Amino acid sequence: MAIKLTSKQQAQLAFLERLPPKFGRVKAVVDQMGGGSQDETLVRGMIRHLDEIKAGSSQLSMNALAEAASAMASIARRGGGQQVKVRGLVDAMASVKINYDKAMTKAQTEVPDQPGEGT
């Protein structure tokens, strides 16, 4: 028997399936920052990816993922010591991945039929 997903869940799932390559790029940029070879253009690109994740998540009512991506973008934008920034980004990336996994599970979970709807 096929799983029945609502249109909202289908949209969420389609959006979430496009995120792993973006996560890979974000992780690569954070790793470069930690290694000392920071290119400001790459960091701005990473921030742009995080803002896209935030916007898409917000539109699809995945608020926890949107907040985690927003927090990560804020850490990347702020000034201060490079190692402190990298440590914050690593921790924030873990939070983004946790919220991604939760959103993915929720989007794939079938919603039971509501009583009173058609049979």
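The values are calculated or read from the model by the stated rules, or taken from the named source; none is laboratory data. Here the structure is a predicted model, which means the values were calculated and not measured. As a convention, Cβ positions derive from the backbone with ideal geometry for all residues, glycine included, and neighbour counts pool all protein chains shown.
Across region 68-92, which residue is surrounded by the most Cβ atoms within 10 Å (Cβ to Cβ) among those that are touching a Lys or Arg at 6+ places or on another chain (Cβ under 8 Å) and part of a helix (DSSP H, G or I)?
Checked region 68-92; the qualifying residue surrounded by the most Cβ atoms within 10 Å (Cβ to Cβ) is 69.
Taken over region 94-103, residues that are within 9 Å of the chain's Cα centre (by Cα) and crowded, with 19+ Cβ neighbours inside 10 Å amount to 3. If you scan region 27-48, which residues turn out to be within 24 Å of residue 102 (Cα to Cα), crowded, with 20+ Cβ neighbours inside 10 Å and touching a residue at least 40 places away in the same chain (Cβ under 8 Å)? The answer is 30, and nothing else.
For region 49-64, a tally of residues being out of contact with any Ser or Thr (no Cβ under 8 Å at 6 or more places or on another chain) and either over 18 Å from residue 100 (Cβ atoms) or of a type outside the set (D, E, K, R) (or both) returns 11. Filter region 1-16 down to the residues that are exposed (fewer than 11 other Cβ atoms within 10 Å of the Cβ) and either modelled with pLDDT of 95 or more or assigned to a helix (DSSP H, G or I) (or both) and list them by number. Matches in region 1-16: 7 only.
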